[in-house]
Amino acid sequence: MHDVLECQGTWDVDDRFSLPILNELVANAEVEHDTVESTNVYYDTPDHDLRAQGILLRRCDGDDVTGWQLKVPDSDGGTELHWILSDQPPAELTALLAGVTLGKQIAGFAKVHTVRERYRIHPPNGRSLLVELDDDRVRASVAERLLAWREIEVDSDADGRRVAKRLAGRLRAAGARPSRHRSKLARISPPEPAPGGMARGARALADYVNAQIDQVVAGDIGLRRGQDPIHDTRVATRRLRSTLRVFGKCFKPLDGVATNELDGELKWFAGLLGEVRDCQVQLRRFSEALDDMPDELVLGPVRSRIRNDLQAAELPARTRVSEAMESGRYLALLTVLRSWRTQPPIEHDIATKALVRRARRARRKADRRLAAALVTEDDAMLHRARKAAKRARYAAELCRPLGKGAVRKIKYYKKIQSLLGDHQDTVVATEALWRMTLAAGTTLGENGFSYGILYAREQQLARQSRHDVRQFAEAVAR
């Protein structure tokens with residue numbers, strides 16, 4: 001059985017330090033001891049682009065792990081990928097990181113050799129692992145610097161946390177000191193540059209922008225891995241564009257790139273992602289509608305036409321995304337985002353009041369557009385109202401750490417966005433169904449009957465969406 005351990009602390013000790021007696025931590029404990037040796041070479045670009053995105057790449061050669069190891073942060077805590085050992089990074093690995101490295105070469109910048117005395121503490125039955133103590137003697141080289149130290153790391157499973165806490169007390173009593181470094185690499189790396197002197201408002205703005213940039217980069221890696229982070233990546237680009245529009249005057253040009261230029265490039269890439277996403281949404285939408293229809297009303301190869309027509313649109317759309325990601329234009333976009341990630345072009349003295357004031361303007365604009373759209377019930381105006389509601393929601397999300405009331409505003413505009421999004425989906429769906437109806441009506445063995453039923457269903461859903469958003473807005477106003 002594989003034991004899942006969590007780090008309970010790292011301790012700095014000197015060569016004279018003596019470990020406490022480990023088999024006294026648990027009555028009749030069994031202590032298993034062995035020695036393992038490893039050499040890790042860490043890789044990055046000259047500008048440390050991987051590190052800036054929290055990505056770790058190393059070449060491992062040791063008793064426990066051998067090969068290339070890539071750790072990529074994500075919403076689930078991180079993904080770890082492996083390749084067999086080779087002298088140079090595998091081509092598949094470098095291709096995966098093309099969007100992060102921005103075309104720069106990656107090379108080893110640090111080497112860490114560790115001799116580990118590993119102690120595993122088992123309860124009397126010996127069937128599980130409570131605590132692991134690793135006594136590491138480390139030698140490292142970074143450029144011309146040579147370093148050597150000794151450290152102790154304590155890991156445990158859920159059942160061993162009390163034992164680990166007891167062990168921590170004994171380590172402290174014996175002279176061990178809690179380490180200030182979260183990893184061996186952090187100990188030997190120069191401190192990460194961090195913009196200092198930011199007011200609270202500026203810090204909130206920078207954190208929100210950086211979170212979206214991180215999601216775009218994660219989406220880039222996911223797409224290159226053959227995954228499907230289309231939706232999350234598109235949402236991140238939308239949040240960035242919304243932030244640039246609502247809080248645009250809080251930014252300053254960086255390397256000659258103005259916020260409106262970045263907005264245009266984000267719009268370009270989001271549009272390519274949207275072509276893929278729309279096909280996915282419509283295929284799911286029509287499939288669910290057909291599942292609800294009586295079989296006798298589904299005349300002809302309706303499912304296959306819907307699937308084939310939408311896939312015929314999706315596949316070239318995916319190709320356009322892939323081609324775009326290999327283009328100089330896309331690389332230039334990521335280069336700007338990378339520079340914004342490490343050097344946010346934000347006025348450092350932005351006060352909380354300034355952000356709250358701009359978020360309030362976004363809400364007022366969204367309210368005006370919604371009111372006007374509900375009067376005319378024009379599809380284009382309802383779509384504009386939806387986009388304004390989205391910007392108001394994202395602005396409220398950004399302001400959430402700054403004060404009270406943001407959660408209620410986020411929920412309100414998220415609901416408006418959702419209801420108007422349902423309506424926009426019907427607009428896209430009816431256009432697609434109209435094209436399918438025309439094609440089926442002129443194809444032998446097919447007819448437009450079932451598509452007409454689906455078309456009528458979408459019109460009914462559109463009316464219901466307009467009614468629902470009106471009712472919701474009026475209820476909140478009361």
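The values are calculated or read from the model by the stated rules, or taken from the named source; none is laboratory data. Nothing here was measured: the structure is a model prediction, and the numbers come from that model. Neighbour counts are summed over all protein chains in view; Cβ atoms, including those assigned to glycine, are modelled from backbone coordinates with ideal geometry.
Within segment 263-295, being under 23 Å from Ala312 (Cβ atoms) and of a type in the set (D, E, K, R) holds for Glu275, Arg277, Asp278, Arg284, Arg285, Glu288, Asp291.
The selection criterion, being modelled with pLDDT under 95 and under 30 Å from Asp422 (Cβ atoms), holds for Thr376. Taking the conditions exactly as written (out of contact with any Leu (no Cβ under 8 Å at 6 or more places or on another chain) and in the same structural domain as Ala354 (by TED's automatic domain parsing)), does Leu272 satisfy them or not? In short, yes. Is it the case that segment 163-171 has a residue that's in contact with a helix residue (DSSP H, G or I) (Cβ under 7 Å, 6 or more places away or on another chain) and free of Cβ contacts under 8 Å to residues at least 60 places away in the same chain? The answer is no; no qualifying residue exists.
If the requirement is being among the hydrophobic types (A, V, I, L, M, F, W, C) and touching a Ser or Thr at 6+ places or on another chain (Cβ under 6 Å), which of these qualifies: Leu374, Leu299?
Leu299
When residues in segment 204-223 are screened for being crowded, with 18+ Cβ neighbours inside 10 Å and either under 22 Å from Lys71 (Cβ atoms) or not assigned by TED's automatic domain parsing to the domain that holds Glu261 (or both), 12 of them pass.
Would you mind stating whether Ala107 is aliphatic (A, V, I, L, M) and over 30 Å from the mean Cα position of the chain (by Cα)? Criteria not met by Ala107. Say we look at segment 3-44 and pick out the residues that are of a type in the set (Val, Ile, Thr) and not in a loop (DSSP other than H, G, I, E, B); which of these is farthest from Leu70 (Cα to Cα)? Checking each candidate, the answer is Val31.
Arg239 passes all but one of (1) under 30 Å from Tyr42 (Cβ atoms); (2) modelled with pLDDT of 95 or more; which number fails? For Arg239, the failing item is (1).
The condition of being within 30 Å of Ser327 (Cα to Cα), modelled with pLDDT of 95 or more and not hydrophobic (A, V, I, L, M, F, W, C) holds for only one of Arg139, Arg58, that being Arg58. Of note, Thr319 satisfies the criterion of being polar (S, T, N, Q), more than 30 Å from Ala199 (Cα to Cα), modelled with pLDDT of 95 or more and assigned by TED's automatic domain parsing to the domain that holds His231. Screening Phe251, Phe269 for residues that are modelled with pLDDT of 95 or more and of a type outside the set (Ser, Thr, Tyr) leaves exactly one candidate, Phe269. Within segment 58-71, can one find any residue that is under 18 Å from Glu37 (Cβ atoms) and among the hydroxyl-bearing types (Ser, Thr, Tyr)? Yes, some residue in segment 58-71 is under 18 Å from Glu37 (Cβ atoms) and among the hydroxyl-bearing types (Ser, Thr, Tyr). Within segment 90-126, if we keep just the residues that are free of Cβ contacts under 8 Å to residues at least 60 places away in the same chain and either part of a loop (DSSP other than H, G, I, E, B) or among the polar types (S, T, N, Q) (or both), the residue that is farthest from Pro229 (Cα to Cα) turns out to be Asn125. Of the residues making up segment 73-89, those that are within 23 Å of Val142 (Cα to Cα) and either β-branched (Val, Ile, Thr) or touching a residue at least 12 places away in the same chain (Cβ under 8 Å) (or both) are Leu85, Ser86, Pro89.
Filtered by the rule that a residue be in contact (Cβ under 8 Å) with a residue 24 or more places away in the chain and over 23 Å from Pro294 (Cα atoms), segment 440-478 gives Ser465, Arg466, Asp468, Val469, Arg470, Phe472, Ala473, Val476. Specify the residue that is surrounded by the most Cβ atoms within 10 Å (Cβ to Cβ); the eligible residues are those in segment 395-450 that are of a type in the set (Val, Ile, Thr) and over 23 Å from the mean Cα position of the chain (by Cα). Here the residue is Ile416.
Of all the numbered requirements in (1) under 22 Å from the mean Cα position of the chain (by Cα); (2) buried (at least 18 other Cβ atoms within 10 Å of the Cβ); (3) within 28 Å of Glu326 (Cα to Cα), Thr259 misses one, and that requirement is (1). Scanning segment 329-357 for residues that are in a helix (DSSP H, G or I), of a type in the set (D, E, K, R) and touching a Gly at 6+ places or on another chain (Cβ under 9 Å) yields a total of 1.
Could you tell me whether any residue of segment 367-382 is in a helix (DSSP H, G or I), among the acidic types (Asp, Glu), free of Cβ contacts under 8 Å to residues at least 40 places away in the same chain and farther than 17 Å from Gln459 by Cα? Yes; the residues of segment 367-382 include at least one that is in a helix (DSSP H, G or I), among the acidic types (Asp, Glu), free of Cβ contacts under 8 Å to residues at least 40 places away in the same chain and farther than 17 Å from Gln459 by Cα.
Within segment 123-136, the set of residues being at pLDDT below 90 and in contact with an Asp or Glu (Cβ under 8 Å, 6 or more places away or on another chain) comprises Pro123, Pro124, Gly126, Ser128, Leu129, Leu130.
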